[in-house]
Amino acid sequence: MTGDGRASEGDEDGVRGARRIPGPRGAADDLDLAAVPLPPLPPLPPPGAGTPGEAVPEQSGADAAAPAGEDTASAASPDERDTRGEPEPEPAAPDDPAESEPEPHVCGPNGPEPEPDACEPAESGPEPEAPGADRTPADGVPAPASGSVPVPVPDPGPGTAPEPCVSAAPVLPHRDLQALLGAWALSVCSAEETAAVEDHLTRCLPCADEAKRLREAVGLLHSDGALDLDATLRSRVVEGCLGRRPARIPIPGWAAPYDAETARLDALLRDIGDADWDAQVRLRWFEKERRTDRWTTVGGVISHLTAVDGLLSAALGLDDPLGGGAPLDPTERTEASWAAGGSPARAVREPWRAQSHELIRTASFAGRNVAETSVSYGAFALPLQDALVDRAFECWVHGWDIAEAVAYPYPAPSAAHLHLMIDLAARMLPAALAGRRRAGLAGPARDLVVPGEPGRSLHLEIEGHAGGDWYIALDSPAALGTRETAVAQVALDAVEFCRLVAGHISPAEAAAGQEGDREAISDVLFAAASLSRL
């Protein structure tokens, strides 16, 4: 103790834990406690401030020897510390009320209203503290007693972690938390809701499983993904289904491309809006030495497909959509269908789709019996198995035209189906080349051979998964093209070759690798373009 009665730094343990220090007194070990008169007991606190039997925390050091009823904050004078024996009477209380000891602050229902942050709420039954224990509020800083000097907080030492500040999170019932799982998976919950849901997921296994499934489903919602499906998806799904349970009446392999392409085009028509049916579509084909085009609507394209597909319906004994006596030439049938008109644009979809279903169904039930049935196109004829591949090719090409008009992605057919289309076009090239030669649009024949014998030919190499090698007879449709008799070679991408055959690009625009007889190469490329028609 110093002369002014204030605690020195070395006496911190003697006052720690005391509620207040009103004045000086002698050290407990220098006093004859039996000779010191006891002060009168303080009055009882008002009701609600505490219980009469409330325990007072024990003091450490010299203060622990003081009786329970004695004011533990009394101290001795400096002279008594020096003489260590002769006690002096305790100084009298000052007359000035301002210098008297302050009355303890009382909080409770019967006490005065506390000022903000003046004190903590009084407890009716506090637990007794261990000797020397610090009374520390929730924020971890010891609250000094009224009128005392602030006491430094000792270092808790290693291994002692402060208690975390726990914020009060909303407690929601299970049903409400379950309803928030969808919003949580989309990351649109508030911070409080997110904390409540994630805390719940650590304790509820069914909700955790559901949250995992929802979060995985959210990963599929990509707005920047392609709108179209893989061209091979339908074929793979059908093969998987037929692998589990084979169809009682399977679709013939030569009818599968037509089945797939009509389904893809129907999906495109189902997705477009009513206004898109009036979108202008450009139909392109090649006539003699130049490209030709014709503008129509989406509904006009479907009417064109319905009219030409009617040729196959008539060959199978089904109803012709144009009625009896309709022309056989595809262009004339299309003009007749457009001239009839009368149906709203979207109304043409259902008749076309019903007709395609009936064609596939009839061909499947008849099987091999109708594969070689001749289908007349007016100027030429094809067996039904080739005619269905030809209609699949035209359905894809015109689906491509519609997709360009309405800004819709439309990939090429699957490799297996595209290969059948390329093979049909390659087999039609010798006849197309002979027709151009008769019209004076191709070079003359050089080496005439007996039908079925090898003759001068061109090696057509189609690259890609749908490609292959074909040898085109140059001088006669009846001649046989072989590798040994090839005088030229042309290499083209599969889709590029199909665009040439459809009349969408000219022979000069085809990105072809060429080698050998230049005249033969030019004749074959122009013959491929001449296969296109309206």
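The values are calculated or read from the model by the stated rules, or taken from the named source; none is laboratory data. Because the structure is a prediction, the values reported are computed rather than measured. Quick reminder, even Gly has a Cβ in these numbers, built from the backbone with ideal geometry, and neighbours come from all protein chains shown. With ligands, DNA and RNA removed, areas are computed over all heavy atoms of the protein, side chains included. Shrake-Rupley method; radii C 1.70, N 1.55, O 1.52, S 1.80 Å.
Fully extended, how many nm does the chain gain between Ala366 and Asp176 (0.36 nm per residue separation, minus their Cα-Cα distance)?
Working: separation 190, 0.36 × 190 = 68.40 nm, distance 6.04 nm.
62.4 nm is the gain from fully extending Ala366 to Asp176.
Residues of segment 466-524: accessible area per residue at 1.4 Å, in Å²?
40 Å²
Take peptides 491-498, 371-378, 259-266 and line them up by average Cβ neighbours within 10 Å, highest first, as a rough protection proxy.
Numbers: 491-498: 20.6, 371-378: 14.8, 259-266: 22.2.
So the order, starting with the most tightly packed, is 259-266, 491-498, 371-378.
Using 7 Å Cα-to-Cβ label points, what is the Ala416/Trp338 separation (nm, one decimal)?
Calculated label separation equals 3.7 nm.
State the extension gain, in nm to one decimal, for the chain segment bounded by Arg446 and Ala491, taking 0.36 nm per residue of separation less the distance between their alpha-carbons. Walk me through the numbers on the way to the answer.
Working: separation 45, 0.36 × 45 = 16.20 nm, distance 2.35 nm.
Difference between extended and current length: 13.9 nm.
Counting only heavy atoms of the protein chains, get the accessible area per residue of segment 264-382 (1.4 Å probe) and round it to a whole Å² value. If you can, show how the numbers build up before the last one.
Values: 5890 Å² over 119 residues.
Ligands and nucleic acids excluded, the figure is 50 Å² per residue.
Please give the solvent-accessible surface of Arg294 in Å², to the nearest 10, using a probe radius of 1.4 Å with every protein chain present.
Here the accessible area works out near 80 Å².
Could you check the spin-label model distance between Ala354 and Ala195? Points 7 Å from the Cα along Cα→Cβ, value in nm.
6.4 nm
Given the Cα-Cα distance of Lys212 and Ser376 and 0.36 nm per residue of separation, how much length would full extension add, in nm? Mind showing how you got there, number by number?
On the way: separation 164, 0.36 × 164 = 59.04 nm, distance 5.95 nm.
Going from the current span to full extension adds 53.1 nm.
Identify, among Met428, Leu382, Ser303, the residue whose Cα sits farthest towards the positive end of the charge dipole of segment 298-437, taking +1 on the Cβ of Lys and Arg and -1 on the Cβ of Asp and Glu, with the dipole about the Cα centre.
In segment 298-437, that residue is Met428.
All other residues with a Cβ under 9 Å from the Cβ of Gly468 taken together, and with Lys, Arg as +1 and Asp, Glu as -1, what is their net charge?
Details: positive: none; negative: Asp423, Glu461, Asp469.
Overall, the nearby charge balance is -3.
Considering only protein heavy atoms and a probe of 1.4 Å, how much of the accessible area of segment 385-534 is carbon and sulfur, as a whole percent? Walk me through the numbers before you get to the answer.
Working: 3110 of 5850 Å².
The C+S portion of the solvent-accessible surface of segment 385-534 is 53 percent.
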